[in-house]
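Report on the structure given below.
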Amino acid sequence: MKKHTQHFENMQMMCRYFESNSKLNKFYLPEFTISKKINDIIENEENSFDGIMKILELLAEIDNLEHPNDVHWFDYKLHVLSVLRQNGFSENE
């Protein structure tokens with residue numbers, strides 16, 4: 001997938017933030033785990049459609065988990081959606 005540097009750099013920074021917080025409070029572990037998986041998909045998936053579908057599944061999965069779901073996660077999701085749009089995703093389809 002295309003990384004679109006600034007969004008992806010912010011996503012990597014946020015993943016490190018979730019990881020750091022998860023070491024102090026396990027409540028952040030789902031955000032770290034999901035953000036790490038999403039970042040790995042963006043970095044390694046060749047097929048944009050497959051990558052987008054995997055990421056959407058992970059975003060749906062975390063909605064069913066207990067996690068802080070605060071402004072940091074909201075910001076992370078905004079960057080994810082920007083990367084998805086730049087890889088051909090449209091929320092209207």
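Just so you know, all these numbers are worked out from the coordinates, no wet-lab data involved. All figures in this text were calculated on a predicted structure; none of them were measured in a lab. Don't worry about glycine lacking a Cβ; one is built from the backbone with ideal geometry, like all the others, and counts go over all protein chains shown.
Here the spin labels are modelled as points 7 Å beyond Cα on the Cα-Cβ line, and at Asn69 and Met13 they lie 2.6 nm apart.
Quote the FRET efficiency, to the nearest 0.05, computed for Glu91 versus Asp40 with a Förster distance R0 of 25 Å and r equal to the Cβ-Cβ distance. Please list the in-between numbers first.
Values: r = 23 Å, r/R0 = 0.93.
For R0 = 25 Å, the calculated efficiency reads 0.60.
Every pair of different Cα atoms in the chain enters the Kirkwood calculation, which places the hydrodynamic radius at 13.2 Å.
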